[in-house]
Amino acid sequence: MMIIFVNPRSLFIAVVSAASALLPFCSARAEMSSWAENEGGRMRLVALPADAGGKIRAALQIEPNPGWITYWREPGNSGIPPQVTLAPGSGVTLDAMAYPVPKHFFNGAIEDIAYDAPVTLPLSLAAAGKGPVEIDATAFIGICKDICIPFQANFSLKLGAAIQSHPQEEAILQAADAALPKPPSAEFGVTAHSMSPDMKTLSLTLALPGEGTSAPDIIVTGPSGHVFTKQIAGKRDGAVFKVDIAIGKLPKNYDMSGKRWGVLVVDGKAAMETPLAFE
């Protein structure tokens, strides 16, 4: 079996055999799987035992090789967002996946929103029932350099007792949580937002931490598969920043009423993420 993945960043076509792109199960009886590896990097699954309510803290660790990147939840002009799928009937479900702060990468007209260093994506899982828990998961990511390679691996974890100490797994998950953007606050958040009648520009007023002079990095996520980053006429006055974000092509006959978009703002070393509600 062959997998063909075409990325507009180049004229190359990456043809990857099943042996390197679709990896066999990486099983473990501990709370950490073995690493699955391919040409562009490696990944593994980490988890803690379920709590009394069946909630499981877990994470997908991804380590791109030097010069390679892997993608945020909205990858930009091209790329594959990370996907984690739990086997039906396993008794474990995925409630949410979180994403640390990504970087912007530009290659001519191509914009990527991605990671070029090790990244850990926190996962919120739920287990049904009170018996032993076994996670049967498939992870699928894109990992790119001059060409892009689809990277898929299956992971099986048998979770131990919650009363046991798991310092290595706990440290990995705590570090992953610390790398997430913070929720909005009075010092760092969106104080006003509005969409133009023609839906071509989104106006934002932000409260920013500190007294910097440069524009923050802003990533607006709209309908699934749509991300907007181009700033127009931004003006910073101390801790207040006003800017318009250019809104590109939206789905045909798109109705903003009742929709919730998202915005990620990175100002120096501080990052904030919040939803934007439209009436």
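Here the Karplus curve 6.51 cos²θ - 1.76 cosθ + 1.60, taken at θ = phi - 60°, turns the phi angles of segment 74-83 into couplings of 10, x, x, 5, 7, x, 10, x, x, 9 Hz, with x standing for Gly and Pro. Straightening the chain between Ile110 and Asn77 buys 11.3 nm, computed as 0.36 nm per residue apart minus the Cα-Cα spacing. Gyration tensor over the Cα atoms of the chain: the corresponding equivalent ellipsoid has semi-axes (square roots of 5 times the eigenvalues, largest first) of 35, 24, 18 Å.
Listed peptides 253-260, 113-120 appear in the order 113-120, 253-260 once ranked by packing, highest mean of other Cβ atoms within 10 Å at the front. Taking a ≥ b ≥ c as the square roots of the eigenvalues of the Cα gyration tensor, an a/c ratio of 1.5 or more together with a/b no larger than b/c marks segment 43-85 as oblate. Taking a Cβ cut-off of under 15 Å around Met199, the surrounding Lys, Arg, Asp and Glu residues balance to a net charge of +1, with basic ones at +1 and acidic ones at -1. Can you give the local net charge around Val243? Use residues other than it whose beta-carbon is closer than 11 angstrom to its beta-carbon, Lys and Arg +1, Asp and Glu -1. Around Val243, the surrounding residues sum to +3. Among the listed pairs Lys55/Lys252; Lys103/Lys200; Lys103/Lys158; Lys182/Lys259; Lys55/Lys145; Lys230/Lys259, those with a Cα-Cα distance over 31 Å are Lys55/Lys252; Lys103/Lys158; Lys55/Lys145.
Taking the 0 to 90 degree range and rounding to the nearest ten, how far is the long axis of helix 167-178 tilted relative to the main principal axis of the chain, both from C-alpha atoms? Relative to the chain, helix 167-178 is tipped by roughly 10 degrees.
Mean residue ellipticity, 222 nm, helices only, the chain: the sum of -39500 (n - 2.57) across DSSP H runs of n ≥ 4, divided by residue count and rounded to 500, is -1500 deg cm²/dmol. Starting from the Cα of Met256, move 7 Å in the Cα-to-Cβ direction to define the label point; list residues of segment 191-228 whose amide nitrogen is under 11 Å from there. From segment 191-228, the list is 193-204. Scalar couplings 3J(HN,Hα) for segment 229-237, obtained by applying the Karplus form with A = 6.51, B = -1.76, C = 1.60 to θ = phi - 60°, are 9, 6, 8, 10, 6, x, 9, 9, 10 Hz; x denotes Gly and Pro.
We did not get these values from a lab; they are worked out from the coordinates using the rules stated. Computed from a predicted model, the values in this text were never measured in an experiment. Backbone-built Cβ (ideal geometry, glycine too); neighbour counts: all protein chains shown.
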